[in-house]
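Comments concern the structure below.
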Amino acid sequence: MGFSPARLLTLLILPISLLAMLLLLVWDESGEGVGDFGKPVFQSEPGDLDANNIGVYLYPEDDIISPAASIMGRAGAKWTRTWINWHLIEPQLTDPPTYDWEATDRMLLSARQAGLDPIFLLGGNAGWASDSFCGPIFPEYEDEFQRFLRDAVARYSAPPYNVRLWEIYNEPDSVFGPQGYCFGTRGELYPQSLKLAYEAIKRADPAVIVLFGGISYDFFTNEGGRFDPDFLDAALANGAGPFFDVLAFHYYPAFEERWNAFGPGVAGKAEYLRQELARYRLEKPLALTEIGRPTRGPDSDGLVYDEISTARFVAPALSLARMAKISPIIWFTSVDKPAEPYDYGLLDSDYQPEPSYFAFRSVNQALQGGRYMGQIPVAGEGFALGFDHGDRVAYVAWADASETELELAAERLRLVKIDGQQRLVLDGDSDDLDGTANGRIRLRLTIDPVILWLS
């Protein structure tokens, strides 16, 4: 949710050389293999939005001047969401146009070298073309807006960048905030900007996927927040439907009670949004371009933050998003920013891993490259979601509140905790609650998620 245009404007233009590509290591069946911070890593082919669809948000400086992109690639991330800033690329209107692509080139190449597929988030409207970082284009400059997008897509959809997903503004339902005044309270204007972008992008490359800008759709103005509760309805009612391929949205657990009536966690919000689309006879895929939970925040908001609670949130959140057939899924964010009021990073500001980093890394081994195969019942309140990797199956399992039990038909399995520790569990041994070698293993589940590997 946070964004600092000043930091982006400053850091994107720094003449920093590219980060060197780090070698990705492979997780083998023995569980051996060591990468950053001494934990196993998983390698699979990127670019498959069905199976390899989890990534992280990177601020532009995280690509250019920090090791974050490489660390996240080694943690199993396959996608990144980052900014393309029109104002930095074309700060002055000239005829013919004068573009400065250098900083954006460096940023994308750095992400690519880390093994990440970029999702380009359009932002930073040229100051001469709009009075808002993320709002409507002045009518007299709509042609220039489309020309910029055609030229940008032509450049970045081609090798070596291969950008295939474009998101049209961040949280366009915002009324006020770090980005300025977006389309909140004026959702009827968003379809025109979306139409202009969609037509220009598809003309340059019909294969590019256009995302409706990731809506917050929480923390509403009528509740003291900064997001317009009527934005989505206004945009859809005024003809946005034909001009996006995927609806992107954001999810933060501070607002989970609103959505639990429709399903567990992020899956509930996804179900609600699908119902909203259906009201306008639309059936579109969903993307989750921000999901996260802070480890630290200001005392003034009255909420409790800690590293362990965030680490416990990672595996269920990402697994439920996979269950809800959302793709891609982007964790917000890779690195804590000292200037921000909340710390969302998997790494702290010195690029050291938080407990949530190891949880992200561990669950990625189960989710990336695996096909969701459904859930199996647990004895109480909890989940066990299965992911098929062909030669083996992974279950991500946890209890919602109190302890519960799970039984699997297996003679042996590998149990991985969210901190990366693992052990072999055999039918009938001390971890098997039935204490009998009977071809079934019964396990106790707690609020600490585990990954169970069966081969």
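Quick notes on this structure:
- Around residue 428: net Lys/Arg minus Asp/Glu count, Cβ-Cβ under 13 Å: -3
- Helix 142-156 vs. the chain, principal-axis angle (Cα, 0 to 90°, nearest 10): 50
- Helix 307-323 vs. the chain, principal-axis angle (Cα, 0 to 90°, nearest 10): 80
- Gyration tensor (alpha-carbon) shape descriptor, the stretch 374-454, a/c threshold 1.5: rounded
- The chain - charge dipole about Cα centre, Lys and Arg +1 at Cβ, Asp and Glu -1, debye rounded to 20: 780
- Residue order, fewest to most beta carbons within 10 Å, for 357, 252: 252, 357
- Exposure proxy order (Cβ contacts within 10 Å, fewest to most) of 288, 408, 303: 303, 408, 288
- Neighbour net charge for residue 150 - beta-carbon separation under 12 angstrom, K R +1, D E -1: -1
- Extending 7 Å from Cα along the Cβ direction at residue 237 and again at residue 412 yields two label points whose distance is 6.3 nm.
- For the stretch 201-308, the mean projected area of the C-alpha convex hull, equal to one quarter of the hull surface, is 8.8 nm².
- Among the chymotrypsin sites (Phe, Trp or Tyr not before Pro) in the stretch 166-222, those located in a DSSP loop and surrounded by at most 14 other Cβ atoms within 10 Å of their own Cβ are 176.
- For the chain, convex hull volume per residue from C-alpha positions, Å³: 138
- The residues 356, 70, 132, when put in order of fewest to most other Cβ atoms within 10 Å, stand as 132, 70, 356.
- Taking the DSSP beta bridges with both ends in the chain, the antiparallel portion is around 50 percent.
- Distance between the modelled labels on residue 132 and residue 158, one decimal in nanometres: 3.4 nm (7 Å Cα→Cβ projection).
- Net lengthening on full extension, residue 373/residue 93 (0.36 nm per residue, minus Cα-Cα): 95.6 nm
- Fully extended contour minus Cα-Cα distance, from residue 391 to residue 278, at 0.36 nm per residue: 36.9 nm
- Approximating the spin labels as points 7 Å out from Cα along Cα→Cβ, the residue 230-to-residue 102 distance works out to 4.8 nm.
- Counted by Cβ distance under 15 Å from residue 138, the other residues give a net charge of -4, where Lys and Arg count +1 and Asp and Glu count -1.
- With respect to the chain, whose longest principal axis is taken over its alpha-carbon atoms, helix 266-279 is tilted by about 50°.
- Ellipticity estimate at 222 nm from DSSP helix runs (n ≥ 4, -39,500 (n - 2.57)) divided over the chain, nearest 500: -7500 deg cm²/dmol
No value in this document is a laboratory result; all are computed from the given coordinates. All values reported here derive from a predicted model rather than from experimental measurement. Note that we place each Cβ from the backbone using ideal geometry, even for glycine, and neighbour counts take in every protein chain shown.
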